[in-house]
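Beneath this line is the structure, given in structure tokens, with notes to follow.
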Amino acid sequence: MTVQYDANIIRDHAAALYSRAARIVFMTGFLGCVIGAIVGAALGAPTGGKPGIFLLLGAVFGALVGVSIGRGRAFVLQLQAQTALCQVAIEANTRRAADAAGEAIRPAASGHLSQVG
């Protein structure tokens, strides 16, 4: 089985990394909100007064921490996507330059030699 280069596969992979990066920010923010709400409710329960405010503050704080963590992970995924796309661009530019160099050499090599005299 011969494996051939296909730039579209790499582009699809980069697009999948970008969509995963967008989802990961949302998911970590949501999980942070849920965990923060649980922790806030647990901390607010013994106070007896207003446990709802602790729940709300915990949820907001947890969401902020989750989004911050998600952004860091999303950046890594976006960087991987950009690296893959950069490699595709390098290959395309290199192929174009190699084809142009090959075309410049071919006419000189296939020229007819003639003798004068």
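Each value in this text was obtained by applying a stated rule to the coordinates, not by laboratory testing. Note that the structure is predicted; figures quoted are calculated from it, not measured. Cβ coordinates were reconstructed from backbone atoms using ideal geometry, including for glycine residues, and neighbour counts include every protein chain displayed.
General remarks:
- Its Cα centre serving as origin, the chain has a Cβ charge dipole (Lys and Arg +1, Asp and Glu -1) of approximately 400 debye.
- Options Met27, Ala16, Ala98, ranked by Cα towards positive dipole end of the chain, top entry (Cβ charges): Met27
- Taking Lys and Arg as +1 and Asp and Glu as -1, the other residues whose beta-carbon sits under 13 Å from that of Phe26 total +4.
- Labels on offer are [x] 7.1; [y] 6.4; [z] 11.9, and the one holding mean projected area of the Cα convex hull in nm² computed from this structure is [z].
- Relative contact order of the chain: 31 percent, from C-alpha pairs under 8 Å at least 6 residues apart in sequence.
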